[in-house]
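**Student:** Here it is, the structure in full.
A short reminder: the numbers here are calculations on the coordinates, not readings from a lab. What you see is a predicted model, and the numbers here were worked out from it, not measured in a lab. Here Cβ is always computed from backbone atoms with ideal geometry, including for glycine, and neighbour counts include all displayed protein chains.
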Amino acid sequence: MLDSSPRIDPTARIADGAVLGANVEIGPFCTVGPDVVLGDDVKLISHVAVTGHTTIGAGTVVHAFAVLGSPPQSVHYKGEPSRLLIGRNCTIREHVTMNVGTAGGHMETVVGDNGFFMVGCHVAHDCVVGARAVFANNATLAGHVTVGENVFIGGLAAVHQFTRIGEGAMIGGMCGVHFDIIPFGLMMEGHPGLRSLNYTGLKRRGLSLEQRRQLQGAYRELFYGAGTLAQRTDRVAERFGDEANVMKIVDFVRSAGKRRLTVPADADEHGTEQQVA
């Protein structure tokens, strides 16, 4: 029978109360706090600090000098026992930081399964990051950001607090994201506003040509059609109501958050900057 006991380097420090799953590996000079839960097959490569009320899902690998579960970088945080929840099979590279939540948010920061966080990324307090997210080097989320599934955020990009990034969107490197990005949207540095749909991502997800054409038609109506944004959104829902991916955009627009939408730069004259009435 194979031994599934945790393998802990003698230089590591594991606090009493920490819960370690089967086959956990903790490398040199790592520290694990008393309220930490490491799922089965989690690997902390070396010099990793896991603190706070932090749970890391099975199979996740954390590389050197990452700091997970540290207090929020918020003047409003008063030491409340908030949490960080990291999903299964994530890859967290060197110097990544992820903070716990706050009482001013929903008391937890959540990172979905199968995420890939490259060197120096930051996930701030009360963020919710969907499954299969990819953050390139030094991509940064401010507090209370929501990121959908299958989102790519390029290197050195920064996302303003309370911003929503819809499913399947792509944010190019060095972008500053101040407003919400619709599902499947594309934002690129050097192009003010929304660039287009993320057609490369749509193809990689296996959407048919007809599905992509419907999304394109919905995009044109939403941002270049006549009337208010609310009226255009209703027309898109009526015309493309049978296309599930289009309806994801409709639902996103209708559930407007604290930020307005990022729109194509040449669509401003059509009044797209208006919120849904």
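**Student:** Considering only DSSP beta bridges whose two residues both sit in the chain, what percent are antiparallel, to the nearest 5?
**Tutor:** 5
**Student:** Still on this model: In straight Cα distance, which lysines are under 26 Å from LYS203, not counting same-chain residues fewer than 8 positions off?
**Tutor:** LYS248
**Student:** Using only Cα positions of the range 132-277, each an equal point scatterer, no hydration layer, compute I(q)/I(0) via Debye at q = 0.11, 0.12, 0.17, 0.21 Å⁻¹ and quote the log10 values to two decimals.
**Tutor:** The Cα Debye sum returns log10 ratios of -0.36, -0.44, -0.90, -1.38.
**Student:** Shifting gears a bit: Given the -39500 (n - 2.57) contribution per DSSP H run of 4+ residues, what per-residue ellipticity at 222 nm results for the chain, rounded to the nearest 500 deg cm²/dmol?
**Tutor:** The helix contribution divided over the chain gives -5000 deg cm²/dmol.
**Student:** Okay, moving on. Where in the range 28-114 are there trypsin sites (Lys or Arg not before Pro) that are in a DSSP coil and have at most 10 other Cβ atoms within 10 angstrom of their Cβ? Could you put the intermediate results ahead of the total?
**Tutor:** Values: sites: LYS43, LYS78, ARG83, ARG88, ARG93; in loops: LYS78, ARG88, ARG93.
Counting only loop positions with at most 10 other Cβ atoms within 10 Å, the trypsin sites (Lys or Arg not before Pro) in the range 28-114 are LYS78.
**Student:** Do you know the relative contact order of the chain, to the nearest whole percent, from alpha carbon pairs under 8 angstrom that are 6+ apart?
**Tutor:** 8
**Student:** Next question. Report, by chain and number, residues whose modeled amide H sits under 5 Å from the one on HIS53, excluding near sequence neighbours (fewer than 5 apart, same chain).
**Tutor:** LEU84
**Student:** So what's the net charge close to THR54: Lys and Arg +1, Asp and Glu -1, counting the other residues with Cβ under 9 Å from its Cβ?
**Tutor:** 0
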